[in-house]
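Working notes, structure below.
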Amino acid sequence: MDNPMKTSQTRSRALPSNEELLGQIRLLLESPEDDLQAAIMKELLAGTLRLHDAHLDALDLKIVNRAVKELRHAFRVFHDYRDRRKISIFGSARTASDDPNYQMAFQFSRQIVEEGFMVITGGADGIMRACQEGAGRENSFGVNIMLPFEQGPNATIADDPKLVTFKYFFTRKLIFQKEANAIALFPGGFGTHDEGFEILTLAQTGKSDPQPIVCLQAPGCDYWDDWYGFVTRQLLARKLINPEDLSLFKITTSVDEAIEEIKHFYRRFHSIRYVGRLLTMRLKTAIPPEQVAILHDKFGDLLSEGTFELRGPLPEELDEPDLRNLSRLTFVSNRRSASRLRQLIDHLNNL
């Protein structure tokens, strides 16, 4: 049993003194008014003080405190690798090493690393272990979860500085999505479906940036085929989703095809950014001006007003100097169909 006195002393040593806290707050308050990070920090501080004023239960405060700590640590771990593309990979912790899907996950991870990606997995056994064995420790992140079972990190990522352990699923899921430039799903249980459907929901509703989503199954395995049958027979047939939503993901039994799907997504497309109502799509290579009229005919339903325009960076984008030389396709988006936006990206990549 914990010694309450010892626990209290340990916590007191971990916290800065009142004088140190006041000094940090004073420096923050003296920051220039145009310092965006300082402004956000002031807002966070004000929000924390409002938590105290709200007289919440201790459990509520513990949840907020733990969530902030988890996110702060995870952001710090990923920060030094922010210029590397990453892929979040999901799949069962129970898949045995002699399963063809395990071997496929190993090969997929090895090849995607050769394309410059790092891999993010849950850090546990099964498919996650296969992916990190294939990618290698230096190209792997583990985003582990504290559970009564199946939560221990695999040997490849254990004790690595790039292993982050979470108490809450919601903070873990945020990191999986925020840090990823692509998603790969292998056969798995409830957790894989939970994560997969959340990824698809964020993509469909435009709450995440466009990215390739691949569902891999070993030759002879019908896991995702059966899942696709459910999606089309139940969701699509009942008009619970739209036909274009099926373009958000690709099912394949080929590692090479999955790799090509991801590479092709970034053939011309680089990223998007909203500036007010204006969507600016950054492109690695320009499209011919004569294509703009064709875009209006094919994808005019994406427009709230006006038409598509080729241009350079917007003034608001100059805070990203590394992207200044990229071409832009801009338009006033109605933000009603992220699936159609994905189809526009595919069209541009195919030109």
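Observations on the model:
- Residues Arg72 and Glu316, FRET efficiency given R0 of 30 Å [Cβ-Cβ distance, rounded to 0.05]: 0.65
- Cβ-based exposure ranking for Phe186, Phe249, Phe331, in which fewest neighbours within 10 Å come first: Phe249, Phe331, Phe186
- As a proxy for reagent exposure, Leu351, Leu248, Leu329 were ordered by neighbouring Cβ count within 10 angstrom, fewest first; the result is Leu351, Leu248, Leu329.
- Working from label points 7 Å from Cα in the Cα-to-Cβ sense, the Arg238 to Met41 distance is 5.0 nm.
- Computed over the Cα atoms of the stretch 21-145, pair by distinct pair, the Kirkwood hydrodynamic radius stands at 17.6 angstrom.
- Computed label-point distance, nm, for sites Lys167 and Leu278 using a 7 Å Cα→Cβ extension: 4.5 nm
- For the stretch 280-319: rounded, prolate or oblate by the Cα gyration tensor [a/c cutoff 1.5]: oblate
- Kirkwood hydrodynamic radius of the stretch 248-351, from inverse mean 1/r over distinct Cα pairs, in Å: 14.5 Å
- Using the Cβ-Cβ distance between Ala14 and Arg137 with R0 set to 30 Å, the FRET efficiency works out to roughly 0.50.
- Over the chain: helical MRE at 222 nm, DSSP H runs n ≥ 4 each giving -39500 (n - 2.57), nearest 500: -13500 deg cm²/dmol
- Net dipole in debye of the stretch 19-79 [+1 Lys, Arg Cβ; -1 Asp, Glu Cβ; about Cα centre; nearest 20]: 340 debye
- Expressed as a fraction of 2.2 N^0.38 Å, the value expected for a compact globular protein of N residues, the C-alpha radius of gyration of the chain is 1.13.
- Extension gain from Leu351 to Gln107, taking 0.36 nm per residue of separation minus the Cα-Cα distance: 84.8 nm
- The mean of 1/r over all distinct Cα pairs in the stretch 19-79, once inverted, gives the Kirkwood hydrodynamic radius of 13.3 Å.
- Every Cα-Cα pair of the stretch 155-299 was included, and the share exceeding 21 Å stands at 57 percent.
- Relative contact order of the stretch 54-204, defined on C-alpha pairs under 8 angstrom at six or more residues apart (%): 27 percent
- Secondary structure note: in the chain, about 45% of the DSSP beta bridges are antiparallel.
- Taking every C-alpha pair closer than 8 Å and separated by at least 6 residues, the mean separation divided by the residue count of the chain gives a relative contact order of 12 percent.
- Cβ-based exposure ranking for Val113, Val292, Val275, in which fewest neighbours within 10 Å come first: Val275, Val292, Val113
- Of all lysines in the structure, the ones whose alpha carbon falls short of 26 Å from that of Lys250, not counting any fewer than 8 places away in one chain, are Lys86, Lys173, Lys178, Lys207, Lys239, Lys263, Lys284, Lys298.
Each reported figure results from applying straightforward, stated rules to the coordinates on display, with no laboratory input. These figures come from a predicted structure and were not determined experimentally. So basically every Cβ, Gly included, is an ideal-geometry build from the backbone, and we count neighbours across all protein chains shown.
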